[in-house]
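Visitor: Structure in structure tokens, see below.
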Amino acid sequence: MKNIEVKISDLKEVPEFKLFFSPQSNEDLVESYETYGQLVPIQISEDLEIINGYRMVDAIRMAGGETVIARIMDGVPTLHQRIMLNLYRKKTTEDEIREAREVFKMFPNRQGKKSEDGKPYERAKKISAALNGRCKNDVIQNKLEYVLNNDLENDVLSKGIFEKGWKVDTCYDFLKEKKIVDDEKEYGFTHKLIDGTYSVTEVNKFIDQRLSLDTKHDYTFAIPGKANFFNMDCVRLAEMATYTSKVDLVTTSIPYWDLRNYENGQVRQLGQEETKEEYAANIATIFNKLFPILKESGNVIINIGETYRDGVAQGIPFLVRDYISKNTPLIYKDTLIWSKKNPRPQGEKVKRPVNSIEYLLWFVVDPTKSKYNMLTFPIDGKKAEVTGGCKDVASNGKVSKKTKSISKDYGKIKSHLYEQEVENIIITSVGKNHDIFKISSEGHPAAMSPMLPITLTLMLSDEGDLVCDPFGGSNVVGKCALLLNRGYLGAELSKEYYHIGCEMLELGNQNYNREELDQINQMLYGSQFGDSQTDHLVLVGQVCDYPYYQLVTAA
């Protein structure tokens, strides 16, 4: 190869070569040329075709130069030469992707055939060298080639590999396995990968979780004698004769009006009505249809939040209360307040305090028969003493006073109850329900506070009673019911949240602890439950497959 001086006007541009790399600024090259002259020759063919050095030619032209120093390269110019001459060039992500695709074309898979010179065809080494040392392993190279040739729109996976450090294996697994499942099941995660909501690692995990839940639970889920959960419209519960007049307590959080879309792809969901009156009427219709499942002593608690438009409250809780009162046999009893210790703003730019409460509308079937348990809470700063409570029950029924550590679930319940002085206000924190996110990393867009149902369940039902959540969702109510030794009945229309709810019920069942529940009972019911050292617990039968003890106080 030799260097010659060539007129710029005599040079020939090759569009394929010139446009292969993304355009870059020439200002630095112009300044360098004006100060030091041309330091490095460009590369051209014998026919004066520019192989490499298009930026230099443009810079010299911009500086007023008419000639350029060039090195003539032997043979027919190729894109491979252009790539190899730019190994250390500063490239955009698009350049790297384009270059990688071209490299794989240059070195096709010959399946054991030798090179033209008779030597072994070492494709992996050639590709790795052309990619400046990237992907030395032939297995990874094959997977990268597959990703490059089968990428999503906008080269999402390739950009992730070259720009964000995504693993080739992970991207390959998505294309070969996960995407097929996502398309068949219509989960919608591929779209969220394309729009940048999730990384490929997250999407692979979400698809695995959804598929696992889908294959584990069908449309009905049961823990014999303890819980039944259905993937269906909740009004169908009233069509099942098994549950007629069987429910002691309904505790539920209904879909809010005009605030959330709970699952993509569903049309005209409850809560998406055009007017608040239509929404309230639909809610009333549902509870009217569910009325037959309630006992005469039944209670209904409906958790509902306010909706604001332009900073103005729409009066949704009161509208729903009035519609249910007028259009169902349920009798309005009272409104309790859920007070959030750490409320979250709704993103409105309006001048008003952050809303820190939601409403618990309380209805009954018959005010003279509705169940109500008086709960005792610590007052005046006095902490309840429960460490000496009902820990062990001997064969003769004697209650032991041995101190014993308490599990996480019941520890949370105790901590929550210590904060309560029920004067129509229930206090909890607002935040991620970690149990739900352990089951599915996507969680639920409006999961109930994990402690909210605790006080309600203890106050309005007894052990062995049947608690129902018609809008079960992720089954926060169901898990609490099982921890407190109640039966549970629920329904959820969304397939995704139904599967999460099934796992939550299993979690509540696994974590149930008779001894620790006794601590809770003693704390709340005081002298009514094991307050005296002479008190005995007598086994009287089975409730929901658990032993049920009745307190007997010695004379």
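Visitor: So what J values fall out for segment 310-316 if you push phi through Karplus, 6.51 cos²θ - 1.76 cosθ + 1.60 with θ = phi - 60°, rounded to Hz, Gly and Pro as x?
Guide: After applying 6.51 cos²θ - 1.76 cosθ + 1.60, I find 6, x, 9, 5, 9, x, 4 Hz.
Visitor: Sticking with this structure for a sec: For segment 232-248, in order, what is each residue's ³J(HN,Hα) by Karplus, 6.51 cos²θ - 1.76 cosθ + 1.60 with θ = phi - 60°, in whole Hz (x at glycine and Pro)?
Guide: My calculation for segment 232-248 gives 6, 5, 4, 5, 6, 4, 6, 7, 8, 4, 4, 9, 5, 6, 10, 8, 8 Hz in order.
Visitor: Per the Cauchy relation, a quarter of the hull surface: what is the mean projected area of the convex hull of the alpha carbons in segment 165-309, in nm²?
Guide: About 12.3 nm², averaged over all directions.
Visitor: What ³J(HN,Hα) values, in whole Hz, does the Karplus curve 6.51 cos²θ - 1.76 cosθ + 1.60 give for segment 333-340 when θ = phi - 60°, with x put for Gly and Pro?
Guide: 10, 5, 10, 9, 10, 9, 9, 8
Visitor: Tell me the label-point distance for the pair ASN109, ALA313, using the 7 Å Cα-to-Cβ offset, in nm and rounded to one decimal.
Guide: Using points 7 Å along Cα→Cβ, the separation is 6.7 nm.
Visitor: Which entries in the list LYS205/LYS276; LYS2/LYS167; LYS18/LYS125 go over 32 Å, if you measure between the two C-alpha atoms of each?
Guide: In this structure, LYS205/LYS276; LYS2/LYS167 lie more than 32 Å apart at Cα.
Visitor: Moving to a separate point now. Let's test the formula: R0 of 45 Å, r as the Cβ-Cβ distance of ASP173 and ALA222. What FRET efficiency results, to the nearest 0.05?
Guide: Details: r = 35 Å, r/R0 = 0.77.
Plugging the Cβ-Cβ distance into 1/(1 + (r/R0)^6) gives 0.80.
Visitor: Using the Kirkwood radius over Cα pairs, work out the Stokes-Einstein diffusion coefficient for segment 197-256 at 4 °C and 1.567 mPa s, in µm²/s as a whole number.
Guide: 87 µm²/s
Visitor: FRET efficiency for GLU27 and ASP47, Cβ-Cβ distance as r, R0 = 35 Å, nearest 0.05?
Guide: It comes to 0.70.
Visitor: Same structure again: So, R0 is 60 Å and r is the distance between the beta-carbons of ASP258 and ILE8; what FRET efficiency does that work out to, to 0.05? Could you put the intermediate results ahead of the total?
Guide: Working: r = 66 Å, r/R0 = 1.11.
The pair ASP258/ILE8 has a calculated efficiency of 0.35.
Visitor: Rg and Dmax of segment 299-342, Cα atoms, in Å?
Guide: So, for segment 299-342, Rg and Dmax equal 12.3, 36 Å respectively.
Visitor: Still on this structure, I have one more. Calculate the spin-label point distance for ASP322 paired with GLU202, positioning each point 7 Å from the Cα along the beta-carbon direction, and give it in nanometres.
Guide: 4.3 nm
Visitor: Next up: Above 20 Å lies some portion of the pair distances; for segment 97-215, what is it as a whole percent of all C-alpha pairs?
Guide: Details: 3293 of 7021 pairs.
Here the tail beyond 20 Å accounts for 47 percent of pairs.
Visitor: Here's another thing I want to ask about it. Near the amide H of ASP366, under 5 Å away, which other amide H atoms are found, from residues 5 or more places off or on another chain, if H is placed in the peptide plane?
Guide: Here GLY298 satisfy the definition.
Visitor: Please work out how much length the chain gains when fully extended from GLU239 to ILE337, using 0.36 nm per residue of separation minus the C-alpha to C-alpha distance, in nm with one decimal.
Guide: 32.0 nm
Laboratory data are not the source of any read-out in this text; all were calculated from the coordinates shown. Only a predicted model underlies this, so the values are computations on that prediction, with no experimental measurement involved. Here the Cβ is made from the backbone with ideal geometry for all residues, glycine too, and neighbour counts use every protein chain on show.
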